[in-house]
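Worksheet: one structure, shown below.
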Amino acid sequence: MAVIASMCRFRLAHRLEGHTGRVEALALTPDGKRLISTSADTTLRVWDLRSMRALYTLEGHTAGVWSVAVTPDGTRAVSGSFDATLRVWDLASGRTRHVLQGHATEVYAVAVTPDGKRAVSSSADATLRVWDLHSGRALHTLRGHTDDVKSFALTPNGTRAVSASWDGTVRLWDLDSGRGQRTLEGHTDAVHAVAVVPDGARAVSASEDRTLRVWDLVSGRSMRALGGHTGPVYAVAATPDCSRAVSASADGTLGVWDLQTGRALHMLEGHTEPVYAATVTPDGSCAVSTSPDKTLRLWDLELGQPIASFECRERARSCPVSLDRRTVTAGDASGMIYVVSADPVRRDARSARARL
């Protein structure tokens, strides 16, 4: 009996309830055993994915928590909030280790370097900051952008950051010196997101100007512009094998792009409202997307086909997290977190003929 890969259904495995405001971000510990969620209700929660219970509620922020990153050893999490601070949390005790202060206004994004020694944050104050996670001290303030820095990505070795700003530029930074290395220009409107290709030599940016651009991080040159969306592009992710990028757009579609040629391989249709978030599964075979249309969708990147969809209770905008190729988790505006699995629908030739 053959399994048709594109014929699946999402099965709700668990609902994680506790947040009283919109879920903003999700992150997994490296061992895959715990999930960290952030919310507009000003808290974070640490969930045990074996028992599907909340271990801790992390309290201390005074405004919505927009972002979270986990250290490589899984012992700490770093959160960024609309209260203009970051907090470093001990995941064994649920206690705050450090409050990181310095940004003038809301913190949008946070990441931890692969060695676990530093955190990087970006803010509406047009800066990025580099922090020492041992002492909680600010090491550098990265200045150069003239508008909000909504997104950034670290290179695989953790020595550089690539930032995307509403000022229409992408910038490359050296994290050791705190200095800007290059300004990447070419977009004609705000840049919403950026992803570093796992080879560390290229980055892909997504813009309000309806295009993506592939950048050479050595020369700072725009290698190619990827055009095909009919609305602003809000998110981008690269596959682990460095061959493709996946974009999410206000036009309700996801684009799948060949990074070598710049050709659009697929435009994935199914969402009925803008797509704000998309991620690639760890094996690079699938993409997961969320939208205010209340759906969570799984896509086959090779075939360019939908695999499964799941309807959330409320609007879903936070970026989904892939536990594995078939199990994903996402949160919605009600504060609910869903853990869902895509189960293959098995059909043999006889049953298929019977339906005709």
_Show me the three semi-axes of the equivalent ellipsoid for the stretch 254-325, from the C-alpha gyration tensor (sqrt of 5 times each eigenvalue), largest first, rounded to whole Å._
21, 14, 10
*Mind ranking 333-339, 231-237 by how tightly packed they are, going by the mean number of other C-beta atoms within 10 angstrom, highest first?*
231-237, 333-339
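Place a +1 charge on the Cβ of each Lys and Arg in the chain and a -1 charge on the Cβ of each Asp and Glu, then give the dipole magnitude about the Cα centre in debye, rounded to the nearest 20. Let's see the in-between values first.
Details: 42 positive and 39 negative charges, 176 e Å.
In total the dipole reaches around 840 debye.
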_Descending semi-axes in whole angstrom, ellipsoid equivalent of the stretch 1-138, from the Cα gyration tensor_ = 29, 16, 16
_Helix-only CD estimate at 222 nm, as mean residue ellipticity for the chain, using -39500 (n - 2.57) per DSSP H run (n ≥ 4)_ = -500 deg cm²/dmol
*What are the extents of the Cα atoms of the chain along their three principal axes, listed from largest to smallest and rounded to whole Å?*
68, 46, 31
*Which value, in Å³ per residue, describes the convex hull spanned by the Cα atoms of the stretch 57-127?*
75
*asked:* Projecting each Cα onto the charge dipole of the stretch 1-106 (Lys/Arg +1, Asp/Glu -1 at the beta carbon, about the Cα centre), which of 62, 105, 72 comes out farthest on the positive side?
replied: 72
*Pop a pseudo-label 7 angstrom from the Cα along the beta-carbon direction at both residue 138 and residue 302 and give the gap in nm to one decimal.*
4.9
*Positive end of the charge dipole of the stretch 167-308 (Lys, Arg +1 and Asp, Glu -1 on Cβ, about the Cα centre): tell me which of 190, 281, 266 has its Cα farthest that way.*
190
_Overall form of the stretch 236-288 per C-alpha gyration tensor (a/c, 1.5; a/b vs b/c)_ = oblate
_Debye-sum result for the stretch 135-257 in log10 I(q)/I(0), which assumes one identical scatterer on each alpha carbon, at q = 0.23 Å⁻¹_ = -1.35
*For the stretch 100-153, give the magnitude of the charge dipole about the Cα centre (Cβ charges: +1 Lys/Arg, -1 Asp/Glu; no others), in debye to the nearest 20.*
200
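Read the figures in this text as sums done on the coordinates, not as results from a lab. Worth saying up front: this structure is predicted, and the values here are computed from it rather than measured. No Cβ is skipped: glycine too gets one built from the backbone with ideal geometry, and neighbour counts run over all protein chains shown.
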